[in-house]
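Q: Got a structure here, written out as structure tokens. Questions coming.
Rule-based calculations on the coordinates, nothing more; no lab input. Worth saying up front: this structure is predicted, and the values here are computed from it rather than measured. Here the Cβ positions follow ideal geometry from the backbone for every residue, glycine too, while neighbour counts run over all protein chains shown.
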2 protein chains.
Amino acid sequence: VSDAASALGVELEREVREQPECVERQLSQGRDAVEALSQEIRRRAPIGIVIAARGTSDNAGRYAQYVFGANNRLLVSLAAPSLFTLYRSPPSLKGTLVFGISQSGRSPDIVAVLDEARSQGALTVAITREVASPLARAAEHCLALHTGEERAVAATKTYTAQLVTLAMLSAALEGAGARWQELAEVPAAMRAALEANLESVVQIAARFRNAERFVTIGRGFNFATAHEIALKIQEMTYAMAEPYSSADFWHGPAAIVDRGFPVLLVAPSGEPLGDVADLVDLCARRRADLIAISDHGDVLARAAARLPLPIPVREWVSPIAAVVPGQLLALALARARGVDPDQPRGLSKVTETR
Amino acid sequence: VSDAASALGVELEREVREQPECVERQLSQGRDAVEALSQEIRRRAPIGIVIAARGTSDNAGRYAQYVFGANNRLLVSLAAPSLFTLYRSPPSLKGTLVFGISQSGRSPDIVAVLDEARSQGALTVAITREVASPLARAAEHCLALHTGEERAVAATKTYTAQLVTLAMLSAALEGAGARWQELAEVPAAMRAALEANLESVVQIAARFRNAERFVTIGRGFNFATAHEIALKIQEMTYAMAEPYSSADFWHGPAAIVDRGFPVLLVAPSGEPLGDVADLVDLCARRRADLIAISDHGDVLARAAARLPLPIPVREWVSPIAAVVPGQLLALALARARGVDPDQPRGLSKVTETR
């Protein structure tokens, strides 16, 4: 890395590297609040979960859809905030559990969803770094993100803190001790992912520095990871990156993949490995450039660029570690392209959408 | 149009042009089934709606989220089919109304969601062209799409038939006569959109024939339209097109827009026009190339390329007409690039995802 390049994204790199520590802190300092809330949720027995979020936080919502669906049998809906704001005709939220997720707690449309949900008698929870924010005040309960300040515009440590908070709440609701053990293994897996990729992403980024288009693919729990890595690439590099579920990919988007097209596959071990194999074959047939994030030797061996996850974790918690090499790649791509990811063009840290 | 180019996508063009007639047929021949189902839905009083769909049909599900949310106060969730198939750990669907939407009725994962929903006692409805398909057999009720056979791989007339069917059911549930009148105005608006754009898209496509990246933007009811037009561009032209809500666009993706970047804005008159104005300003500042689908003179006047909607309709039904110029543009782009949209690379008409 040249000195000029490594001067770019200094805040961002620091925050990416802080993540294992932040997740550890969340697991210890966040546990009591999660256990208390899980008691209240059991008492209220919600008919389903509704999540209001934008951007990176919406990707945490995508993870919640799988975690609470698979582990707690709770149906999760991602709210359409404009029904509450633009159209002023919100759906009935009676009997639901409503999460507002926002690192700053200051997005007016997310606050509006929580206000309406509370007035309808729904159980409302803010997940935010700012416990004195409008979002935290709007909600009945607040789960604080123990990340400290996040200064880079692109969210990284608040995203993984959101994921682990949702996973902790799922574990507390399920009341299964094994889940907590599986969660405790995540920080080491994140550290290993950082160490294994911190330097090697520089070469990978050099290879793809002129690519203006990426697709990112994940399924199930890691559909969220594909979305989040695509968002990081777009925010930091101005290249275009489109996320897909491997299931949806065959309904149309597969047509765009041809020779040299970069396809980033999020493929930790787990149930979707059958899909992953089909996609690896597609990339080989079309001579596309496969970039693989995986703990699976066969998948890595067939990739043009490897982003290894040296320590495997259980699939349901794998998104917390699997996003890390993607964040590093986005940062390295930004540096290779001479863009400062701490100051993306036209973005600000707090986005106030109506 | 050269003869060689117009020989491409012959099936697709025929099906795009059939749409006003298909929507008229749906409005007349589909009405009784919709009214009967709405009685049953009122009797069962579902706590919310769950939609299982992939690809184009999933975009119809996005429309449903706004229509049933805004007009019927029903919360709509888009199902994560892999919870039912890969993970075999489906969420509780008790008390919900579950739609399976698929033109062919043959996607195994969508059938699996309906099977599970029915076994849990949910009210199940198939929306499909094939009334003898596995999906239609799995569901308790079926709303047939009266489109006739769809031969082109890229779905067009089945999409608008799905939209109008969902809109009809919403109107029947609401029991408001004015909605039916608003629906009745749609076929004429579709015809006008076809006539106004059929030839002019050829010049627009020539201008953008080398563009490998597009973003498409819509909000609220037309978030679905932005998704569907992006999917058509990708399926037919192999260019990349990424859909956004104008609200999410400011949380990151706005960074990628710069000089000459094609931004397709779906902007019929309606509540999101404030957002639209902000985006038009952004495109002007960055000197991006704005392609506008609108009935609004000011928006069209500021666009680099105009896809007019000569007959305005009410916002809630506007997606049925607003997608038409986008379909035509995707077809014209395919022809300009010498690609046959009737036979996209690596796609087949029936996609069987697990």
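Q: Consider just the alpha-carbon atoms of chain A and return their Rg together with their Dmax, both in angstrom.
A: According to the Cα coordinates of chain A, Rg and Dmax are 19.5, 57 Å.
Q: Hey, what number do you get for the protein assembly as shown at 222 nm if only DSSP H runs of n ≥ 4 count, each worth -39500 (n - 2.57), divided across all residues, to the nearest 500?
A: Roughly -15000 deg cm²/dmol at 222 nm, from the helical runs in the protein assembly as shown.
Q: Find the lysine pairs in the protein assembly as shown meeting two conditions, Cα atoms under 26 Å apart and a separation of 8 or more places or different chains, and report how many there are.
A: Number of lysine pairs found: 8.
Q: If you don't mind, another one. As I understand it, the dipole of chain B uses +1 on the Cβ of Lys and Arg and -1 on the Cβ of Asp and Glu, about the Cα centre. Which of B:SER92, B:PRO308, B:ALA322 lies farthest toward its positive end?
A: Working it through, the farthest residue towards the positive pole turns out to be B:SER92.
Q: Just grab the label-to-label distance for A:ARG285 and B:ARG44, each label 7 Å out from Cα along the Cβ direction, in nm (one decimal).
A: 3.9 nm
Q: Putting +1 on Lys and Arg Cβ atoms and -1 on Asp and Glu Cβ atoms, find which of A:ALA211, A:THR237, A:ALA255 reaches farthest to the positive end of the dipole of segment A:209-260.
A: A:ALA211
Q: Another question about this same structure. Given bins 5 angstrom wide, list per bin the percent of all Cα-Cα distances in segment A:58-205, short to long.
A: All Cα pairs, binned at 5 Å, distribute as 2, 9, 15, 19, 20, 14, 10, 6, 3, 2, 0 percent.
Q: Would you calculate the separation in nanometres between label points at B:ARG73 and A:ARG151, each defined as 7 Å from the Cα along the Cα-to-beta-carbon direction?
A: Calculated label separation equals 4.9 nm.
Q: Just to check I understand the Karplus step: with θ = phi - 60° and J = 6.51 cos²θ - 1.76 cosθ + 1.60, what whole-Hz values come out for segment A:209-220, glycine and proline as x?
A: 4, 9, 5, 9, 9, 10, 10, 10, 10, x, 9, x
Q: Sum up the charges of everything whose Cβ sits under 10 Å from the Cβ of A:ALA230, counting Lys and Arg as +1 and Asp and Glu as -1, but leave A:ALA230 out.
A: -3
Q: Distance in nm between label sites at A:ARG209 and A:ARG31, each 7 Å beyond Cα in the beta-carbon direction?
A: Spacing of the two 7 Å Cα→Cβ label points: 4.6 nm.
Q: Amide H neighbours of A:ILE217 under 5 Å, counting only residues 5+ apart in sequence or on other chains, H built in-plane at 1.01 Å?
A: Counting only residues 5 or more places away or on other chains, the set is A:TYR244, A:LEU264, A:LEU265, A:VAL266.
Q: Also: Test of understanding: what is the full-extension gain from B:GLU11 to B:TRP180, defined as 0.36 nm times their sequence separation minus their Cα-Cα distance? If you can, show how the numbers build up before the last one.
A: Working: separation 169, 0.36 × 169 = 60.84 nm, distance 3.11 nm.
Value of the extension gain: 57.7 nm.
Q: Over the Cα atoms of segment A:19-69, what radius of gyration and what Dmax do you get, in Å?
A: Just the Cα atoms of segment A:19-69 yield Rg and Dmax of 13.1, 35 Å.
Q: Can you run phi through the Karplus equation (6.51, -1.76, 1.60; θ = phi - 60°) for segment B:222-231 and list ³J(HN,Hα) in whole Hz, with x for Gly and Pro?
A: Rounded to whole hertz, the list is 8, 4, 4, 5, 4, 4, 5, 5, 4, 5.
Q: Search the structure for amide H atoms under 5 Å from the amide H of B:ALA126, placed 1.01 Å from N in the peptide plane, and list their residues when 5 or more places away or on another chain.
A: Counting only residues 5 or more places away or on other chains, the set is B:GLY100, B:HIS141, B:CYS142, B:LEU143.
Q: Per-residue HN-Hα couplings for segment B:114-124, Karplus 6.51 cos²θ - 1.76 cosθ + 1.60 at θ = phi - 60°, whole Hz, x for Gly and Pro?
A: 5, 4, 5, 4, 5, 5, 7, x, 6, 7, 10
Q: When chain A is modelled as a GNM with alpha-carbon springs shorter than 10 Å, which of A:THR160, A:THR96, A:THR85 fluctuates the most?
A: Evaluated over chain A, the most mobile residue of the options is A:THR85.
Q: Out of all Cα-Cα pairs in the protein assembly as shown, roughly what percent, to the nearest whole number, are more than 36 Å apart?
A: 36 percent
Q: Now for a separate question. When a/c reaches 1.5 or more, the comparison of a/b and b/c decides; with that in mind, is segment A:214-257 rounded, prolate or oblate per its Cα gyration tensor?
A: It comes out oblate by the Cα gyration axes.
Q: GNM on chain A, C-alpha springs below 10 Å: top fluctuator among A:LEU37, A:LEU135, A:LEU194?
A: Answer for the Gaussian network model of chain A: A:LEU37.
Q: Now for a separate question. Of the residues A:GLY218, A:GLY297, A:GLY61, which exhibits the maximal mean-square fluctuation in a Gaussian network model of chain A defined by a 10 Å Cα contact cut-off?
A: A:GLY297
Q: If you don't mind, there's one more thing I want to ask. Charges only on Cβ, +1 for Lys and Arg, -1 for Asp and Glu: so what's the dipole of the protein assembly as shown about the Cα centre, in debye to the nearest 20? Walk me through the intermediate numbers first.
A: Details: 74 positive and 80 negative charges, 35 e Å.
Taking the Cα centre of the protein assembly as shown as origin, the dipole is about 160 debye.
Q: For A:ILE47, list long-range residues whose amide hydrogen, built 1.01 Å from N in the peptide plane, is under 5 Å from its own amide hydrogen.
A: When sequence neighbours closer than 5 places are left aside, the close amide H contacts are A:THR96, A:LEU97.
Q: Express in % the proportion of alpha carbon pairs of segment A:138-260 at distances exceeding 17 Å.
A: Looking at segment A:138-260, the distances longer than 17 Å represent 71 percent of pairs.
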